[in-house]
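Below is one structure, written out as structure tokens; comments come after it.
Taken together, the values in this text are just the output of simple stated rules run on the coordinates, not laboratory data. Small disclaimer: the values here were computed from a predicted structure and weren't measured. All Cβ positions, glycine included, derive from the backbone under ideal geometry; neighbour counts span all protein chains shown.
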Amino acid sequence: MKKIGFLGLLGVILFYVFYTKFTLGLIVIGVYFLFVLLSLKKKNTIDSIVNVSIEYSKKSKIVLMVFMFVGALTASWLASGTIPGIIYYGIKFINPNLFIFFSFLITSIVAFFLGSSFGAASTIGVALMAIARSGNIDVNIVGATIISGIYFGDRWSPLSSSANLVASLTGIDIYTNLKNMIKSMIVPYILTSIFYIFLSKNYVLNTSESNLLVLLEDVYNIDVRFIFIPVISIIVFSLLRINVRKSMAVSIVLASIVAIFVQGENILKIFEYLLLGFYKFKGTSLETIIKGGGIKSMLNASALIIVSCSLVGVFEQLNILNYIKAKIQNVKTRGELFRNTILVSIITGIVGANQTIAVIMTEQIIESVYDDKKIERKDLAKDIENTAIVIPAITPTNIACYVPCTMLGISNVQFIPFAVYIWLIPLCTYIYYRFILKNKEF
């Protein structure tokens, strides 16, 4: 029955990606079937391929649940006036001459407290993008600042599932892991801030001709006593280290209550928004600014993650990971080893199509190499944080890149040159190993 169910699900996904013309989905499915054929050529049976695909596809369950909550959270915050409230007060108080820099700074802070890249993108990220659209700033540049900011928090927050995963895999304490990352974080963060301050001077937020504040006042009750309750709840729950899915669920419920009793929405409409997204202002001047979210918006990402996890299973069956491991072992210096770790992270980021899978695969491939070179576990953890955690964020086929871009409504390619914090983390670390350590041999 499980095999029939999996094949049925694969058929549904195939129909969906063709029907919606989801190009990236078609590519990933094509790659999956290509490696299935290769596995058959290696004398593996259909049964064994399906079994390993089922086993690995199960790893997507938790991520799929997070996708559901993220989609519903964005829609509920739009309906409750939470995101419009952030937009309203953001336009009032953010310096338009430094908007790009403040987008990075604010997102970094929020992501640190939430410990969730998707959570930060779906909340403060959506709000900042709406401000950018209203002020006629290049959305791909602003999107890059937001994605840089959310992965600052995802990498360095004690609440981050990614940081905790790396600590768990390498067998070190989470706070040792965070402390160890500070040195490799400071220079990239300062350089990124300088770059965005410079960029802000060339991309100024245009608020002079905007009547957005008046429009928001007309359609929302912008009462700070109520509209920020969902924000407060999710921050408090995060600080208390309550599971991110539970904190999102509570915030969704609170936002729905605010939407009904403060914004005058009816309960059936709320369910519609949670499922299909918030598109209340079609045909009005708010149509391109206040919109999005809903579980439906996460269908593409869900299809990607299911097929990608199955693909990793086929990779495991073909022993491709062992082949990669054999190719990276012959290194003489710390710089060469980190360079190879970057290359491995690029491969796992593409193949795994999910940050968690990329981290696990990278750790499995490089762990024995680091052990052979007598490198401490805390340094293994740091190198994974500086590669496999951030590189998926600029890998267009990876969920870590695709999902935030979907939430923000930007291209999953065009933002990449401006996401300098993501680039600088591995680059600065490599420069340190290559030149500061004088290419010291093992």
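Worth a mention:
- Note: the stretch 1-121, Cα convex hull, 172 Å³ per residue.
- P(r), alpha carbons of the chain - 10 Å bins starting at zero, rounded %: 5, 21, 30, 26, 14, 5, 1
- Ranking of S80, S157 by count of other Cβ atoms within 10 Å, fewest first: S157, S80
- Where trypsin sites (Lys or Arg not before Pro) fall in DSSP loop in the stretch 323-354, at most 12 other Cβ within 10 Å: K332
- With neighbours defined as other Cβ atoms within 10 Å of a residue's Cβ, the residues E316, E385 order from fewest to most as E316, E385.
- At least 18 Å along the helix axis (C-alpha) and Kyte average at least 1.0, DSSP helices within the chain: 2-19, 23-41, 61-80, 99-114, 244-261, 299-317
- Bins of 5 Å from zero: percent of alpha-carbon pairs in the stretch 332-396: 4, 21, 34, 23, 12, 6, 1
- Highest GNM mean-square fluctuation among G313, G293, G349, for the chain modelled with Cα contacts below 10 Å: G313.
- Cα centroid separation, the stretch 1-65 to the stretch 380-442: 28 Å.
- Extension gain for I27 to D379 (0.36 nm times residue separation, less C-alpha to C-alpha distance): 123.1 nm.
- Relative contact order of the stretch 62-297: 35 percent, from C-alpha pairs under 8 Å at least 6 residues apart in sequence.
- Extent along principal axes [Cα atoms of the stretch 62-297; Å; largest to smallest]: 52, 41, 30
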